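Chemist: Please see the structure below; I have some questions.
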Amino acid sequence: MKSTPLFHYTQPDSVETEIRQQVRRLHHHPAIIIWATNNEVEVAAAQSWYGPGTDKVEYRRRFKDSVAKIARENEMPSNRSIGYIPRRVLLSSPGNGDASTDPYGIDPNPQDPLAGDVHFYTYIGDLWDECTYPVTRFTSEYGIMSLPGPLAWLRSLDGKKSHSDDWDIRGAMMSHRLHKEQGIGILRKYVLEKFGEPREGVLPVEKYTM
């Protein structure tokens, strides 16, 4: 729900309202299998991304006592369907799930490969080689990006206003979509290593697909 920064807790506040609204809005989607109250806030605190002195009491109040509680309360559908099994609410991703022992919810190593989930980011080495990646119980996030498939990309374009470079991976539209600096260059490097340059003299959409 919340990513990386530690949001200060005040009671009541707009965060609680937003969590309540979003869980009610999204809980019927079958693609959602679990909730997490934050993204990387726990690991940021454990590894001192923003310096020492994380307020563990503040973290617990915000995510354990507030957001998680509201998510659980609003996870059930209004009609209370028979047989409906509420989704689990995790405190953080990555995190150690039930293996977490810290009473405030900040484990020393939230990226433990033997418990919970792990985020793995790297842009170097042979990313085609499965041995590059750690063996974990579950890796829920990878740093390397991917481009949308042609049909998915087409749906996001306005056909009447489409531009010729919309299908160019180095065009303005793709640069707008992919926020990581040099992100396209990284992708292009790995694709060319395995498949080489697309042949010349084809339409932009064909080149994108190839």
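Chemist: At 7 Å along Cα-to-Cβ for each site, give me the label-to-label distance between T101 and R24 in nm.
Modeler: 4.1 nm
Chemist: Pull up all non-local amide H partners of G95: gap of 5 or more, or a different chain, and H-to-H distance under 5 Å with H placed in the peptide plane.
Modeler: Residues meeting the amide H criterion: D117.
Chemist: Could you give the size of the charge dipole of segment 2-120 about its Cα centre, using +1 on the Cβ of each K and R and -1 on the Cβ of each D and E, expressed in debye and rounded to the nearest 20?
Modeler: So the dipole magnitude of segment 2-120 works out to roughly 500 debye.
Chemist: Same structure, new question: If you place +1 on the Cβ of every Lys and Arg and -1 on the Cβ of every Asp and Glu, how big does the dipole about the Cα centre of the chain come out, in debye to the nearest 20?
Modeler: Dipole magnitude for the chain comes out near 760 debye.
Chemist: Within the chain, what is the number of lysine pairs with alpha carbons under 28 Å apart, leaving out pairs fewer than eight places apart on the same chain?
Modeler: Number of lysine pairs found: 14.
Chemist: Which shape class, rounded, prolate or oblate, goes with segment 153-210 when its Cα gyration tensor gives a ≥ b ≥ c as root eigenvalues, a/c under 1.5 marks rounded, and past that a/b bigger than b/c marks prolate? Don't skip to the end; give the middle numbers.
Modeler: Details: a/c = 2.51, a/b = 1.24, b/c = 2.02.
It is oblate, given that a/c is not under 1.5 and a/b is not larger than b/c.
Chemist: Want the number for D13 to V202: 0.36 nm per residue separation, take away the alpha-carbon distance, what's left?
Modeler: The D13-V202 span can extend by a further 62.6 nm.
Chemist: Pick from Q21, Q182, Q47 the residue whose mean-square fluctuation is largest in a GNM of the chain, springs joining Cα atoms under 10 Å.
Modeler: Looking only at Q21, Q182, Q47, the biggest GNM fluctuation is shown by Q182.
Chemist: Another question, then. Please give the helix 183-195 orientation as an angle from the longest Cα principal axis of the chain, in degrees from 0 to 90, rounded to the nearest 10.
Modeler: 60 degrees
Chemist: Something else now. Quick one: if you stick a label point 7 Å off each Cα along the C-beta vector at E141 and M76, how many nm between them?
Modeler: Rounded to a tenth, the inter-label distance reads 3.1 nm.
Chemist: Order by neighbour count: T122, T101, T54, fewest other Cβ atoms within 10 Å first, most last.
Modeler: Neighbour counts put them in this order, fewest first: T101, T122, T54.
Chemist: With a 10 Å cut-off between alpha carbons and a GNM built on the chain, which of R155, R25, R72 moves the most?
Modeler: Result for the chain, Cα springs under 10 Å: R155 fluctuates most.
Chemist: Report the residue, chosen from S156, S92, S175, that carries the largest GNM mean-square fluctuation when the chain is represented by alpha-carbon nodes joined by springs under 10 Å.
Modeler: The residue that fluctuates most here is S156.
Chemist: Using 14 Å as the cut-off for backbone N distance, which residues of segment 137-154 belong to the label zone defined by a point 7 Å from the Cα of A31 along Cα→Cβ?
Modeler: 148-149, 152-153
Chemist: Next up: Given the options L192, H119, S14, identify the residue whose Cα lies farthest towards the positive end of the charge dipole of the chain (+1 on Cβ of Lys, Arg; -1 on Cβ of Asp, Glu).
Modeler: S14
Chemist: For a footprinting-style exposure proxy, rank F195, F63, F120, F138 by other Cβ within 10 Å, fewest first.
Modeler: The most exposed by this proxy come first: F195, F138, F120, F63.
Chemist: By the gyration tensor of its Cα atoms, with a ≥ b ≥ c the square roots of the eigenvalues, what is the shape of the chain: rounded for a/c under 1.5, prolate for a/b over b/c, or oblate?
Modeler: prolate
Chemist: Once you keep just the Cα pairs under 8 angstrom separated by 6 or more residues, what percentage relative contact order results for the chain?
Modeler: 16 percent
Chemist: Further, regarding this structure: K56 versus H176, label points 7 Å from Cα toward the beta carbon: distance in nm?
Modeler: 4.7 nm
Every number in this text was worked out from the coordinates using simple rules, so none of it is lab data. The shown structure was predicted, so the numbers you read here are calculated from the model rather than taken from an experiment. In this analysis, Cβ positions are derived from the backbone assuming ideal geometry, glycine residues included, and neighbour counts consider all displayed protein chains.
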